[in-house]
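To start, the structure under review is shown below, and the notes come after it.
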Amino acid sequence: MATRKRASKTAAKTASKTASKTASKAASKPPSDYRVRIRMYRQGLGDCFLLSFRAAKGKHRHMLIDCGVVLGTTEPRGAMEKIAKNIVEETKPGLDLLVITHEHWDHLSGFDSSQAKKVFENLKVDSFWLAWTEDDQNDLANEMRRDREKKRKAAEKAKEELRRRGGDAHEKQAARMDEVLGLFGVQGGGSADGEDDAGGTAGALAYLKGKCDPTILETGGTVTIPGVEDVRVYVVGPPMDATRLRQTNPYKGEGYGLGDVTLSLSDSFLAAFDPADELAQPFPKQVRRPLPTTSPSADPVLPQMTGYLDPKQDWRNIDDAWLATGERLALQLDNSTNNTSLVLAIELGGKDVLLFVGDAQAGNWRSWESNKWEVDDGKGGKKQVTMEDLLKRTIFYKVGHHGSHNATLREKGLELMKSDRLAAVIPVDTHVAHNVKGWKHMPLPEIRDRLLEKCTILFQSDMEPEESGRGKAGPWLHSADQFEVRMKDKKTKKAKTVGMRNLYTDYFV
């Protein structure tokens, strides 16, 4: 075991593209012979999955993977508290295993005081898994955290400067940065609901570490679920090298640096805010001249500043262009954190595989093919297992990063999933993604269409399940318990109830 202990309208438009697919019908009751029940909570754009495995004497062992919803969701506390109460009630006397894939708000927010932390105080956690990227004794992991914090500070400074300078263009750019930085929760004190002790993602993770000492999973190893027989978990990602972690996007040349010997983008950006920092000054001291604060005609050294300060020539000004770097840094920060996602392939009885990838992006996916595991073959010998083999046997896929373009690879991913029982779930709310966050391609239509072609059934948080008619989908059930879907009215800016949604959907394997 490779472990180590450490103390809407948009939705309707999307649905119309798949109108030819047959509508899926729920089972009338749970089957009697399932091996695992996958409870998919439907809070919106965010991950929360409770896996309940059959154990000895008719009991269940419960594994929770993530619990959050994206910042910007209208009044999230109501739904998240209902989810937390359901988890606490369902797992009594306690949760056997908690897994957090990575440090983003839409995977952790349920444990923040602004949402359901008070409810989770009653949740006992026996085991807690984290990726090696959360190991405070790993040099590369520590380097990544320092790099991430540097980028966050630089992006925050850029956002502040944009708002200080004013103007519609600056405000729009700052607002876009707010959306990305919101993936780390509320920073600088205060919560989304005005409480004072919210700590963002770092605070939520620290709270969970206080509940249970985490077990650090090293990529390339295998682990077992406490109290569950005939289930093996392969630790697929994140990659344990900086090169793969830099590859956050499937497009060539995009990524972020780790440990570069030259001055990094974030270092240069931060230095620009400090005139005393010589690292990022473009000219030597002897040729630098300060801009005049009075009429340039009174300055005999720089009479050419007359044209520069002429309001009619503002359109030529590029003084603010450097602030665009801040938005780029915010996006790099988002991508780099996604790429540290813990990826687990859960093998049932040496055959079927459940794949949970968090928000893993391109470099994480590309690294999988290098993994090879030597495991017991069940006959007293050994056998080698590859990632291609695991993908071929995958019957349930938690779609990466809510269906984003950079989190489901083709040749090295989805196209290798060959099972005629393949089911998938996209944890997304298209209204929030498109109309609140401005993420117009979440989920990406091409990925969604291909999933419908390959899968026997496709689940999506804000839509009814869709069966393709190919293969045989496992039985599923909606919960009787529902919650109010709340959205802000565009005119009044006040929240109102726009419908009811089942709290979760159970899928039985």
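Here VAL375 meets the list (1) surrounded by fewer than 22 Cβ atoms within 10 Å (Cβ to Cβ); (2) in a loop (DSSP other than H, G, I, E, B) almost entirely, failing just condition (2).
Of the residues in the stretch 49-75, how many are more than 24 Å from VAL357 (Cα to Cα) and either crowded, with 24+ Cβ neighbours inside 10 Å or of a type outside the set (Asp, Glu) (or both)?
Looking only at that region, the number is 6.
Only one of the listed residues (ILE395, ILE426, ILE457) is surrounded by fewer than 23 Cβ atoms within 10 Å (Cβ to Cβ) and modelled with pLDDT of 95 or more. That residue is ILE395. Restricting attention to the stretch 376-392, the residues being at pLDDT below 95 and either in contact with a helix residue (DSSP H, G or I) (Cβ under 9 Å, 6 or more places away or on another chain) or β-branched (Val, Ile, Thr) (or both) number 0.
Only residues that are among the polar types (S, T, N, Q), open to solvent by less than 20 Å² (accessible area, probe 1.4 Å) and modelled with pLDDT of 50 or more: list them for the stretch 182-221, please.
THR201, THR215
Taking TRP365, is it at pLDDT 90 or above, open to solvent by less than 60 Å² (accessible area, probe 1.4 Å), assigned to a helix (DSSP H, G or I) and not small (Gly, Ala, Ser)? So TRP365 fits the description; yes. Checked against (1) at pLDDT below 90; (2) touching an Asp or Glu at 6+ places or on another chain (Cβ under 8 Å); (3) buried (at least 19 other Cβ atoms within 10 Å of the Cβ), LYS472 passes all but condition (3).
ASP449: over 21 Å from ALA27 (Cα atoms), open to solvent by 10 Å² or more (accessible area, probe 1.4 Å) and not basic (Lys, Arg), yes or no? Considered against the rule, which asks whether it is over 21 Å from ALA27 (Cα atoms), open to solvent by 10 Å² or more (accessible area, probe 1.4 Å) and not basic (Lys, Arg), ASP449 comes out as yes. State whether the residues of the stretch 439-457 include one that is among the polar types (S, T, N, Q) and touching a Gly at 6+ places or on another chain (Cβ under 9 Å). Within the stretch 439-457, one or more residues are among the polar types (S, T, N, Q) and touching a Gly at 6+ places or on another chain (Cβ under 9 Å). Please verify whether TRP439 is among the aromatic types (Phe, Trp, Tyr), on the phi < 0 side of the Ramachandran plot and modelled with pLDDT under 95, treating the condition exactly as stated. Criteria met by TRP439. On the stretch given as the stretch 378-392, residues that are within 23 Å of ALA362 (Cβ to Cβ) and open to solvent by 50 Å² or more (accessible area, probe 1.4 Å) total 3.
Within the stretch 119-133, not a single residue is farther than 30 Å from LEU354 by Cβ and open to solvent by less than 10 Å² (accessible area, probe 1.4 Å). Among the residues of the stretch 398-421, the ones that are touching a strand residue (DSSP E or B) at 6+ places or on another chain (Cβ under 6 Å), of a type outside the set (A, V, I, L, M, F, W, C) and open to solvent by less than 70 Å² (accessible area, probe 1.4 Å) come to 3 in all.
Considering the stretch 43-66 alone, what residues qualify as being on the phi > 0 side of the Ramachandran plot and part of a strand (DSSP E or B)? Residue satisfying the conditions is ASP66 alone. Against the numbered list (1) at positive phi; (2) within 18 Å of the chain's Cα centre (by Cα), GLY471 comes up short only at (2).
Scanning the stretch 339-375 for residues that are touching a helix residue (DSSP H, G or I) at 6+ places or on another chain (Cβ under 7 Å) and of a type in the set (Phe, Trp, Tyr) yields a single hit, TRP368. Restrict the check to the stretch 115-130 and report whether at least one residue is outside any loop (DSSP other than H, G, I, E, B) and touching a Cys at 6+ places or on another chain (Cβ under 6 Å). Scanning the stretch 115-130, I find at least one residue that is outside any loop (DSSP other than H, G, I, E, B) and touching a Cys at 6+ places or on another chain (Cβ under 6 Å), so the answer is yes. When you look at SER20, is it over 26 Å from the mean Cα position of the chain (by Cα), modelled with pLDDT under 85, of a type in the set (Ser, Thr, Tyr) and open to solvent by less than 30 Å² (accessible area, probe 1.4 Å), yes or no? In short, no. Would a scan of the stretch 73-82 turn up a residue that is closer than 22 Å to THR224 by Cβ, in contact with a strand residue (DSSP E or B) (Cβ under 7 Å, 6 or more places away or on another chain) and hydroxyl-bearing (Ser, Thr, Tyr)? So far as the stretch 73-82 goes, no, none of its residues is closer than 22 Å to THR224 by Cβ, in contact with a strand residue (DSSP E or B) (Cβ under 7 Å, 6 or more places away or on another chain) and hydroxyl-bearing (Ser, Thr, Tyr).
Contact annotation: residue pairs with Cβ atoms under 9 Å, 6 or more positions apart or on different chains, pairing a residue in the stretch 86-108 that is in a helix (DSSP H, G or I) and open to solvent by 10 Å² or more (accessible area, probe 1.4 Å) with a partner that is polar (S, T, N, Q) and modelled with pLDDT under 95, are VAL88/ASN122.
Restricting the first member to the stretch 217-237 and to residues that are on the phi > 0 side of the Ramachandran plot, and the second to residues that are among the polar types (S, T, N, Q), the beta-carbon pairs closer than 9 Å and six or more apart or on different chains are GLY220/SER370; GLY220/ASN371.
For the structure I just gave you, tell me whether ASP489 is of a type in the set (D, E, K, R), open to solvent by less than 50 Å² (accessible area, probe 1.4 Å) and under 23 Å from the mean Cα position of the chain (by Cα). Judged against the criteria, ASP489 is not a match. Can you find a residue that is open to solvent by less than 10 Å² (accessible area, probe 1.4 Å), at pLDDT 80 or above and more than 24 Å from HIS402 (Cβ to Cβ) anywhere in the stretch 135-157? Checked the stretch 135-157: at least one residue is open to solvent by less than 10 Å² (accessible area, probe 1.4 Å), at pLDDT 80 or above and more than 24 Å from HIS402 (Cβ to Cβ).
The values are calculated or read from the model by the stated rules, or taken from the named source; none is laboratory data. Since this is a predicted model, take the numbers as computed values, not measurements. Every residue, glycine among them, receives a Cβ derived from its backbone with ideal geometry; neighbour counts consider all protein chains shown. For the accessible areas, the whole protein counts, side chains as well, though only heavy atoms, and no ligand, DNA or RNA atoms are used. Shrake-Rupley method; radii C 1.70, N 1.55, O 1.52, S 1.80 Å.
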